[in-house]
Structures are given as structure tokens and as C-alpha cells.
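Beneath this line is the structure, given in C-alpha cells, with notes to follow.
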Amino acid sequence: VDATSEESVGTAFKSLGRRWSSLDAHVNLAGYMNTLTPVEKYSLAEFEDILAGSLRSSFLCARSAIPMLRAAGGGAIVHTASGLATNVRPGFSPYSSAKAGVIALTKAIAKENGPYIRANCVAPGAVDTQFLRGGTGRKRLNVHVDFKAYQAMIPMGRLGLPEDVVGPILFLTGPGSRYMTGTVLYINGGQLIP
């Protein structure tokens, strides 16, 4: 599925609908960037491509998931933002903009679809994945990460691991968070405490 393509997302959800008539939860983990570049050096095409990877994909998937969540009598959406949506750093302008948009989109979905559909967001810091170590999927990451320096800024002394993000996502899709909507959980070992 190309989560940036309206046609591809529509086809995927139609296929899903033929197999199951409803959804209990929808989790969107899409997003990418590929280089650290100052605002004035980004081409419009590069900027829009990164916006599409996070923001357009979240919109397209949520728009398709909401009717299936309603058919289940309610459920949960969890979007993935980033600490860079709040703690903006030089060179990350399209990615930070897109992830800030994902937070705003999540809050709008929460307001529009309560009380039956809850929408929340996780905003991880750096997570030690293949993407961070060179990229996978649609884009190859062309950013050098100084892992030692980055870890030194984290009170918990290490990068996040995928399971550090999975636990909060499972919490936000489950009954333990039944009174939470429009919330952003920052998962970063204490590096960013908004």
C-alpha cells in the first residue's frame, strides 16, 4: 500500500472491508524524511513529498478507517507524530511541519468523532530501527546520526527501541485508555518533556 496515494489506500480499505466489516483500531506508523536541509534549500517537490509521507497518509488512512470503526460501534485511532513536531531542529522543517500537522489532525478527529471513536497520538524520539540506521522502504535516510551524542542528551541514557513505542500504542488502542482522546504521548526517555 502506498499510504500517500488516495487510490492505493482506498483499494486497501475496500479489500479489508471485504474480509471484515469493521475495525476495532487503526494505527498509522507512516512517515519519512531523507536529508537535513535548510528551508530555503528544499524544493517544493521534496517538501510536499515529506508532507505526504506523514500528513497526507495519516489523513487518507483515517478517513477510510473511521467508517469501519463506526461500524464496530467505536474504536481507536493512533497516529504517529514525533518529538520533532514540538522540539523543532534545524534541517527538519518539512518533517516537523508534517508531524505537527498529524497532531492537529488527531485532535480534530478526536473532537469530531467522540464519544465513540478515540483518536490519540504517540510522538517518539529517535528509535533504534533500520530506518534510523540508513533507511528502509520508500526513502533512504541520508542523515548521519551521532548515536553517542544523542544518547548523552537522553536522561534514560539510550535510544528508544521499537517495543518502547509498541506498549504505548497498545495502551491507546485498548480499554485502559478509554477516557483518553486527543492526547499526545511523548516517548523519548525524558529528552523532551513538554
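The values are calculated or read from the model by the stated rules, or taken from the named source; none is laboratory data. Small disclaimer: the values here were computed from a predicted structure and weren't measured. Here the Cβ is made from the backbone with ideal geometry for all residues, glycine too, and neighbour counts use every protein chain on show. When the accessible area is computed, the model is the full protein with side chains, heavy atoms only, and any ligands, DNA or RNA have been set aside. Shrake-Rupley method; radii C 1.70, N 1.55, O 1.52, S 1.80 Å.
Charge tally for L60 (other residues, Cβ to Cβ under 11 Å; Lys, Arg +1; Asp, Glu -1): -1.
If you average the alpha carbon positions of the stretch 57-94 and of the stretch 155-194, how far apart do those two centres end up, in angstrom? Each part's Cα centre sits 15 Å from the other's. Beyond 29 Å in Cα-Cα separation lie the following of the pairs K41/K111; K14/K107; K14/K41; K14/K111: K41/K111; K14/K41. Accessible surface comparison of D146, D49, D2, probe 1.4 Å, protein chains only, largest first: the order is D146, D2, D49. Surface analysis of the chain yields an accessible area of 54 Å² per residue, using protein heavy atoms and a 1.4 Å probe. Calculate the tail of P(r) for the stretch 1-78: the fraction of all Cα-Cα distances greater than 16 Å, expressed in %. For the stretch 1-78, the fraction of Cα-Cα distances above 16 Å is 55 percent.
Over all orientations, the chain has a Cα convex hull whose mean projected area works out to 11.0 square nanometres. Of the accessible area of the chain, computed with a 1.4 Å probe over protein heavy atoms only, carbon and sulfur atoms account for 57 percent.
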